[in-house]
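Read the structure below first, then the notes.
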Amino acid sequence: MNLAFLGMDASKGYLDCSLLDFEKQPILKPFKIYDNKAGHLQLQETLNKSLLSVDMIYAGIESTGGYENNWYNSLLTWSSKVKMIRINPIRIHHESKKSMVRNIDDTISSQIIAQHLADNYTELSESQPLSLEFASAKKVHTFTKLLKKQKTQSSNQLEKLVYSSMPGLLSLWKDHCPNYLLELLIKYPSKAQILNTSAKNLAKIKFISLEKAEKIKNDILNDSGSQDDKYIQYTISQLAETVLMLGQKIAKNSKFLHDNFKSENIELIKSIPGVGIESATNLFIEIEDISRFKDASHMCSYFGVHPVFKQSGDGSYKPKMSKKGSTSYRATIYMTAKSAIMFNPLLNKTYLKCRSKGMSFNASVGVLMNKMTRMIYGILKSREKFNSQIETENKKNEETKEEKILIIKKDLNQFKAEFEELKNSPTSKFKKNKTKKAIIKSQNSLDELNTSSILSQ
């Protein structure tokens with residue numbers, strides 16, 4: 001089949017295009033068109049002429065925060081001979097580094113996109129385009145993530161101001177600032193105002209009892225806070241109001257999304273004990289289409305919940321979570337993993353085993369995050385709800401893995417004993433280094449098998 005590849009780089013109001021043949025040679029001179037009716041007609045006419053000499057055109061456009069949507073939607077269903085593909089900008093970034101291009105403009109970027117498409121069109125075309133409803137729901141999800149980020153920034157700034165002026169209040173500020181404390185700071189943004197107000201007035205705020213009001217006054221009476229001026233008081237009041245408003249908007253957006261966006265995939269994810277409707281919806285929106293992942297390991301690496309090993313020259317290393325990819329996915333799966341410790345017996349067993357081996361709480365939860373991601377992949381791929389009995393089916397594989405661990409341990413002990421003998425004998429440096437490398441290689445293999453055993457439990 002005679003193929004062509006169209007690279008498109010979208011900017012605000014226009015589009016740069018480069019059309020290459022199967023040998024990555026230009027079919028047309030790179031051209032620029034504007035994002036209006038005339039521009040879209042011009043692009044379609046250009047593609048119609050090109051389709052006279054080729055059988056199919058793969059058109060790839062880089063995700064640029066929304067500027068690409070008009071072009072993507074215009075060509076998505078325009079012709080069966082044009083395959084429209086949205087490309088992750090990280091791919092294009094690394095492609096430009098690989099090409100060692102020093103100066104990049106929109107024209108060169110479109111050429112790089114076309115070249116990357118020519119090299120990877122089979123892989124890129126596997127993912128199905130999002131439905132209109134899914135794409136719209138994802139916009140609500142993205143907007144909610146933005147609000148959460150703004151709330152975190154404002155809350156952090158508010159905490160620093162409260163610490164400098166009324167550190168006694170931070171005893172009520174645990175993982176987050178409760179709403180009653182925000183309402184208190186809106187109405188009484190300074191130490192003097194709280195002390196000069198009676199406990200009865202403070203108790204008029206919802207969820208502040210008379211006893212709690214007395215405690216608040218006592219906590220800040222002898223703390224180290226300084227007397228704030230009117231500017232600090234104003235800033236505290238405005239920040240508290242902003243954090244409270246953002247929290248209400250986030251709750252409203254989440255409720256709207258979960259009430260209106262329905263999918264069988266959400267019900268499948270929700271079948272895992274410890275996963276609620278809100279978490280299931282957010283996870284599904286982040287995953288999008290399960291077919292774009294080759295296997296469970298690919299999905300774990302995509303979201304950065306897989307372990308990585310950093311090895312130095314002397315062979316020492318420390319395993320840790322990759323943390324590449326979507327921070328929103330990891331934040332959601334982290335909270336669901338913590339919930340699963342209480343509500344999912346299978347994951348609770350894995351958690352307790354990790355803790356018994358000396359792993360910290362967060363490291364143990366990290367293992368659960370990886371395991372839950374693999375569970376979600378299996379559930380969405382098989383279209384079957386969560387089944388705890390699947391552990392029994394994997395027992396034989398685990399026994400085989402245990403046998404491999406025993407063999408590697410035996411070889412490792414033999415290499416270590418051999419190295420101790422070489423230390424005290426007049427042998428060549430090459431033989432010593434060879435034995436040392438064998439020890440390091442065996443130790444790495446053993447640690448990888450041990451880690452994968454924990455993840456599969």
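The values are calculated or read from the model by the stated rules, or taken from the named source; none is laboratory data. The shown structure was predicted, so the numbers you read here are calculated from the model rather than taken from an experiment. We place every Cβ from the backbone using ideal geometry, glycine too, and count neighbours over all the protein chains shown. To get the accessible areas, we keep the full protein, side chains included, count just its heavy atoms, and leave off ligands, DNA and RNA. Shrake-Rupley method; radii C 1.70, N 1.55, O 1.52, S 1.80 Å.
Observations on the model:
- Among the candidates Glu95, Glu183, Glu159, the residue that is open to solvent by 60 Å² or more (accessible area, probe 1.4 Å), out of contact with any Lys or Arg (no Cβ under 9 Å at 6 or more places or on another chain) and touching a residue at least 12 places away in the same chain (Cβ under 8 Å) is uniquely Glu159.
- Count of the range 39-55 residues, restricted to those that are under 39 Å from the mean Cα position of the chain (by Cα) and not in a loop (DSSP other than H, G, I, E, B), is 8.
- Residues being charged (D, E, K, R), out of contact with any Gly (no Cβ under 6 Å at 6 or more places or on another chain) and surrounded by fewer than 16 Cβ atoms within 10 Å (Cβ to Cβ) are represented in the range 229-236 by at least one member.
- In the range 1-27, residue least open to solvent (accessible area, probe 1.4 Å) [restricted to those that are of a type in the set (Phe, Trp, Tyr) and farther than 14 Å from Asp105 by Cβ]: Phe5
- Inside the range 162-180, residues that are open to solvent by 90 Å² or more (accessible area, probe 1.4 Å) and not in a helix (DSSP H, G or I) make up a count of 3.
- Here Ala438 fits the description: part of a helix (DSSP H, G or I), open to solvent by less than 40 Å² (accessible area, probe 1.4 Å) and either modelled with pLDDT of 70 or more or under 22 Å from Val367 (Cβ atoms) (or both).
- Count of the range 342-352 residues which are open to solvent by 90 Å² or more (accessible area, probe 1.4 Å) and in contact (Cβ under 8 Å) with a residue 12 or more places away in the chain: 4
- Pick from the range 319-352, criterion of a type in the set (S, T, N, Q) and within 21 Å of the chain's Cα centre (by Cα), ranking: nearest to Val305 (Cα to Cα): Ser322
- The requirement of being without any contact (Cβ under 8 Å) to a residue 24 or more places away in the chain, touching a Phe, Trp or Tyr at 6+ places or on another chain (Cβ under 6 Å) and open to solvent by 40 Å² or more (accessible area, probe 1.4 Å) is fulfilled somewhere in the range 33-53, by at least one residue.
- The set of residues in the range 359-383 being part of a loop (DSSP other than H, G, I, E, B) and in contact (Cβ under 8 Å) with a residue 40 or more places away in the chain consists of Arg383 alone.
- Of the residues screened, Pro30 is one that is over 30 Å from His258 (Cβ atoms), touching a strand residue (DSSP E or B) at 6+ places or on another chain (Cβ under 6 Å), surrounded by fewer than 19 Cβ atoms within 10 Å (Cβ to Cβ) and not small (Gly, Ala, Ser).
- Once the range 244-265 is narrowed to residues that are under 30 Å from Tyr121 (Cα atoms) and part of a helix (DSSP H, G or I), the residue that is farthest from the chain's Cα centre (by Cα) is Glu264.
- Selection from the range 121-179 of residues that are farther than 21 Å from Ile220 by Cβ and either touching a Cys at 6+ places or on another chain (Cβ under 8 Å) or aliphatic (A, V, I, L, M) (or both): Leu124, Leu130, Leu132, Ala135, Ala137, Val140, Leu146, Leu147
- Selection within the range 413-427 - at pLDDT below 75 and open to solvent by less than 60 Å² (accessible area, probe 1.4 Å): Phe419, Leu422, Ser425, Thr427
- For the range 188-208, a residue qualifies if it is surrounded by fewer than 16 Cβ atoms within 10 Å (Cβ to Cβ) and within 17 Å of Gln248 (Cβ to Cβ), and the qualifying residues are Lys206, Phe207.
- Of all residues in the range 65-92 being open to solvent by 40 Å² or more (accessible area, probe 1.4 Å), part of a loop (DSSP other than H, G, I, E, B) and of a type in the set (S, T, N, Q), the one that is farthest from Phe143 (Cα to Cα): Ser80
- Restricting Asp295, Asp259 to those that are farther than 23 Å from Met342 by Cβ, in contact (Cβ under 8 Å) with a residue 24 or more places away in the chain and open to solvent by 40 Å² or more (accessible area, probe 1.4 Å) reduces the list to Asp295.
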